[in-house]
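Below is one structure, written out as structure tokens, with a few remarks after it.
The values are calculated or read from the model by the stated rules, or taken from the named source; none is laboratory data. Since we're looking at a predicted model, the values are computed, not measured. We place every Cβ from the backbone using ideal geometry, glycine too, and count neighbours over all the protein chains shown.
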Amino acid sequence: MNAQDEHLQTHETETPSGPAWWIGLIIGGGVFTFGLIGLMTNSSQTRPGNMVKYVVGGLIAHDALVAPAVVIVAFLLTRLLPAAIRGGIQATLAVCATLVVMSIPVLRGDGRDPNEPSLLPYDYPRNLAIVLAIILVGGIALTLARAARQRRAATAD
Amino acid sequence: MPRRPQPPLKPGKDPVAFVARRLEAHRPPGPFQEGAFTSRLHDEGVAARLGLALAVTFFTCFATGLISHFAQNPLDIGFLSTPVSPGWLYRVTQGTHVAMGIASIPLLLFKLWTVYPLLFTWPPAKNVVQATERLFVGALVALAVFQLFSGLANTVGWYPWEFNFVVTHFWASWMLIGVLMIHIGAKMRQTRRALAKPVEETEAHAESPPAPTGTLSRRGALGAAAAAVGAVTLTTVGQTFRPFKELAALAPRVPGIGPQGIPINRSAISAGVTETAIDAAFRLRVTGDVQTPLELSIADLRAMPQHEADLPITCVEGWSASGVWSGVRVRDLLERAGAPEGGEIIVRSLQMRKSFRTSELNTIFARADDTLLALDINGEPLHIDHGFPCRLIAPNRPGVLQTKWVTTLEVRT
């Protein structure tokens, strides 16, 4: 176990205590319960049985698909890329990945309606490709520039 | 099978602790193993800073969401009533609501990645307090993902679910803010400790090696999160913030694109008014508790004193666009009909679809200078998709309540 993981273990095993925990639990629990009651008493509109599929589905989608995928990609990049540029490339790809996630609804275009041309007016796959290209080029350029600067600093020493 | 030595355990006061002690000896393989996650970025200094940013965006979304809720479902309790001025207020609060929600997407993704190893803590909880806290963390993550996903999908009119978005998003927001308060209380001490130190020095152990050259530092990870927030914001915020319009490559609606340069949410075809709206027999009726019920043609409306108002159409979906509207003051119509002071007005549309076919104007809004039945926008008669022959336009009001194709003003006292 390296020091970092040991550190994580220690702060995870911290059991909440003290006034902040109890105040948060009482007030937050009350607010949560208020929302839950509102949700259940308006069940003809909120359809809790259907909603819970999306609530649990989102959790599973993140914890079982998105996060493991990121861990695997990050691991592969650690193996494949030279150390000097690894961090910069990882950061660049992380920015791109979040943009792709945010763009899923406009890329799918489910709301598109020929009667309402002002909704989703653009060619979003094309626009996203352009934005990603700009970020990739910028991120790679910054990463290489930093690596070169560090190499020069190292040889100057 | 060799007999395992029985641990000297009895289910005591805390059943979770009892189970946890038994589970300790049965650590599952894979991510549950100690040292399975090696990145230096799974760190409380990074988590605390991202958590703080998320607290700001989530509480801002909650507050601006409440403003929008009460603008659509008025309380009419003195100071809690939606004010009639400034006219741009709702544009700012709702634009902020959507922009903060979008900014939360990268923040949440980065934050969840930072704390992901904690999902595999073994045993999952050591006592009943920890078990409670972790269950609420599960609810927090699930509700946060749900709110951001449902809100984002709503901005593009994507409804894969069966529930009513507005009502469900509203009640789920209370649940989310509740579990967020619990989480903040639980992590208060740890967060303060982490924030008190510079981000690169939050290791518990001094012998932890410094980051090798080129690998992503903690500061670099926070920088990447900030860059991601910048990227999602710059490519969408132009939907409401006009100076960034040209950058809004990923926004679902853009000011300037739409009939007469203004986007629309519901076209005349969708509303089923393509014939009724252009019918020469169209009359605007002012009815209800009035001395003289009115039936006015378009020519009658144009013959009345015309007023101009520079007001935005602000949609709950986060876009907004301004125009100079002109037409008849609702106040003038009420006076002409002899409506009593203090009544409220039900504004009815020609549209066939039920949702938002009517809206209400309370006394203050109905009598405001800028509350018009608009006939023109930017000097041209309204496009049919903007509500020809006449539409309601009032300050500081959600777009769904700016009723189009208005046919009746009903006064109620």
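Yes/no per residue for (1) in the same structural domain as B:GLY87 (by TED's automatic domain parsing); (2) buried (at least 22 other Cβ atoms within 10 Å of the Cβ); (3) over 24 Å from B:SER81 (Cα atoms):
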{"site": "B:LYS354", "(1), (2), (3)": "no, no, yes"}
{"site": "B:ALA366", "(1), (2), (3)": "no, yes, no"}
{"site": "B:LEU372", "(1), (2), (3)": "no, yes, no"}
{"site": "B:LEU382", "(1), (2), (3)": "no, yes, yes"}
{"site": "B:CYS390", "(1), (2), (3)": "no, yes, yes"}
{"site": "B:ILE393", "(1), (2), (3)": "no, yes, no"}
Applying the selection to the range A:80-93, what residues are within 15 Å of B:LEU222 (Cα to Cα) and within 7 Å of chain B (Cβ to nearest Cβ)? A:GLY87, A:GLN90, A:ALA91
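Here is a list: A:ARG151, A:ARG112, A:ARG146. Which entry is among the charged types (D, E, K, R) and assigned to a loop (DSSP other than H, G, I, E, B)?
Numbers: A:ARG151 fails: assigned to a loop (DSSP other than H, G, I, E, B); A:ARG146 fails: assigned to a loop (DSSP other than H, G, I, E, B).
It is A:ARG112.
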A:CYS96 fails exactly one of the following numbered conditions: (1) in a helix (DSSP H, G or I); (2) more than 8 Å from every other protein chain (Cβ to nearest Cβ); (3) exposed (fewer than 15 other Cβ atoms within 10 Å of the Cβ). What is the number of that condition? (3)
Can you tell me which residues in the range B:120-137 are within 7 Å of chain A (Cβ to nearest Cβ), in a helix (DSSP H, G or I) and either farther than 20 Å from B:ARG22 by Cα or in contact (Cβ under 8 Å) with a residue 40 or more places away in the chain (or both)? B:GLN130, B:GLU133
B:LYS187 is checked against (1) free of Cβ contacts under 8 Å to residues at least 60 places away in the same chain; (2) crowded, with 22+ Cβ neighbours inside 10 Å; (3) of a type in the set (D, E, K, R) and fails just one. What number does that condition carry? (1)
Between residues in the range B:52-73 that are within 22 Å of B:ALA226 (Cα to Cα) and residues that are of a type in the set (Gly, Ala, Ser), which pairs lie under 6 Å by C-beta distance while being six or more apart or on different chains? B:THR57/B:ALA103; B:THR57/B:SER104; B:CYS61/B:GLY101; B:PHE62/B:SER173
Filtered residue count, the range A:16-70, keeping only those that are under 22 Å from B:HIS169 (Cα atoms), assigned to a loop (DSSP other than H, G, I, E, B) and polar (S, T, N, Q): 1
Tabulated pairs, the range A:107-130, first in contact (Cβ under 8 Å) with a residue 12 or more places away in the chain and surrounded by 16 or more Cβ atoms within 10 Å (Cβ to Cβ), second in a helix (DSSP H, G or I) and among the aliphatic types (A, V, I, L, M), C-beta under 6 angstrom, 6+ apart or interchain: A:TYR124/A:VAL106; A:TYR124/A:LEU107
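Matching residues to (1) in contact (Cβ under 8 Å) with a residue 60 or more places away in the chain; (2) touching a strand residue (DSSP E or B) at 6+ places or on another chain (Cβ under 7 Å):
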{"position": "B:ASP300", "(1), (2)": "no, no"}
{"position": "B:ALA303", "(1), (2)": "no, no"}
{"position": "B:ALA309", "(1), (2)": "yes, yes"}
{"position": "B:THR314", "(1), (2)": "yes, yes"}
{"position": "B:GLU317", "(1), (2)": "yes, no"}
Quickly run through the range B:387-396 and pick out the residues that are more than 16 Å from B:SER270 (Cβ to Cβ) and touching a strand residue (DSSP E or B) at 6+ places or on another chain (Cβ under 8 Å). B:PRO389, B:CYS390, B:LEU392, B:ILE393, B:ALA394, B:PRO395
Can you find even one residue in the range A:3-12 that is in contact with a His (Cβ under 7 Å, 6 or more places away or on another chain) and aliphatic (A, V, I, L, M)? yes
Does B:ARG253 qualify as being closer than 26 Å to A:SER103 by Cα, facing chain A (nearest Cβ under 8 Å) and at pLDDT below 95? yes
Options B:THR132, B:THR155, B:THR168: the member that is among the hydroxyl-bearing types (Ser, Thr, Tyr) and surrounded by fewer than 22 Cβ atoms within 10 Å (Cβ to Cβ): B:THR132
A careful count of residues in the range B:388-413 that are part of a loop (DSSP other than H, G, I, E, B) and without any contact (Cβ under 8 Å) to a residue 40 or more places away in the chain gives 0
